[in-house]
Amino acid sequence: MIWVQALPFVALQYYEGDDAEAIKIFLVCSFCLWLILNIAFFCTIDLDLLGTFVGTITAAQYTVKLFQKGTDDLQKFDAVFTTRSSFTKAIHAEIKEWVRLNIDRWRLEAPEWFDVEQIPDEFLPVEVYEAEGGDRRKRRRSSLSMREMAGLGLGGDGGNGIVSNQ
């Protein structure tokens, strides 16, 4: 943010037009407005959260942290099954074990947040995988891909998008 505020003044030093003074006034006014708004912003926020503005943690690290520090199944489920699977690659074995230990209870209790469709096949125990119909493409009948809606799905065309009239 500081570079963005400083570089227009540096560029102005190399500007040779007639309206350089007007541009300088505009830049000074813009800088002052930016400064006032930043001061107002930092005066109105919860200063305990100041550390959340800057960090070096990646999305994958954050997702793993959410799962490992989750206090209930909802938090853990949300952390790993509503984000990219690649984010949790480092803890796939841990997730698979957690699912194995809890899926029977989830299926019995049927909490509002639980949807077996959101769990990738590789995380399901074999017996649950087979009970749910096997391959995820067979399990998920409630949604269609754009290819299927356009008539380019795997049905009859070999997945190549070419439909023959034979």
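The values are calculated or read from the model by the stated rules, or taken from the named source; none is laboratory data. Remember, it's a predicted structure, so these values are computed and weren't measured experimentally. Here Cβ is always computed from backbone atoms with ideal geometry, including for glycine, and neighbour counts include all displayed protein chains.
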Would a scan of the stretch 7-19 turn up a residue that is outside the structural domain of Asp121 (by TED's automatic domain parsing), surrounded by fewer than 10 Cβ atoms within 10 Å (Cβ to Cβ), out of contact with any Leu (no Cβ under 9 Å at 6 or more places or on another chain) and outside any loop (DSSP other than H, G, I, E, B)?
yes
Going through (1) at pLDDT 90 or above; (2) outside the structural domain of Phe114 (by TED's automatic domain parsing); (3) not in a loop (DSSP other than H, G, I, E, B) one by one, Leu49 fails only at (1)
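Can you name the residue in the stretch 114-141 that is at pLDDT below 80 and touching a helix residue (DSSP H, G or I) at 6+ places or on another chain (Cβ under 9 Å) and, of all such residues, is surrounded by the fewest Cβ atoms within 10 Å (Cβ to Cβ)?
Here is the first cut: in the stretch 114-141, the residues at pLDDT below 80 are 132-141.
Within this subset, residues satisfying the condition of being touching a helix residue (DSSP H, G or I) at 6+ places or on another chain (Cβ under 9 Å) are 132-136, 139-140.
On the way: Glu132: 18, Gly133: 12, Gly134: 12, Asp135: 10, Arg136: 15, Arg139: 16, Arg140: 14.
Once the filter is applied, the top-ranked residue is Asp135.
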Just one of the numbered conditions (1) outside the structural domain of Ala6 (by TED's automatic domain parsing); (2) in contact (Cβ under 8 Å) with a residue 12 or more places away in the chain is not true of Gly70; which one?
(2)
For the stretch 87-111, enumerate the residues that are of a type in the set (Phe, Trp, Tyr) and closer than 18 Å to Glu127 by Cβ.
Trp98, Trp106
Among the candidates Ala22, Ala40, residue that is without any contact (Cβ under 8 Å) to a residue 40 or more places away in the chain, exposed (fewer than 11 other Cβ atoms within 10 Å of the Cβ) and either under 33 Å from the mean Cα position of the chain (by Cα) or not in a helix (DSSP H, G or I) (or both):
Ala40
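Is it fair to say Asp104 is assigned by TED's automatic domain parsing to the domain that holds Val128, surrounded by 12 or more Cβ atoms within 10 Å (Cβ to Cβ), under 30 Å from Glu130 (Cβ atoms) and under 19 Å from the mean Cα position of the chain (by Cα)?
Values: assigned by TED's automatic domain parsing to the domain that holds Val128: yes; surrounded by 12 or more Cβ atoms within 10 Å (Cβ to Cβ): yes; under 30 Å from Glu130 (Cβ atoms): yes; under 19 Å from the mean Cα position of the chain (by Cα): no.
It is false that Asp104 is assigned by TED's automatic domain parsing to the domain that holds Val128, surrounded by 12 or more Cβ atoms within 10 Å (Cβ to Cβ), under 30 Å from Glu130 (Cβ atoms) and under 19 Å from the mean Cα position of the chain (by Cα).
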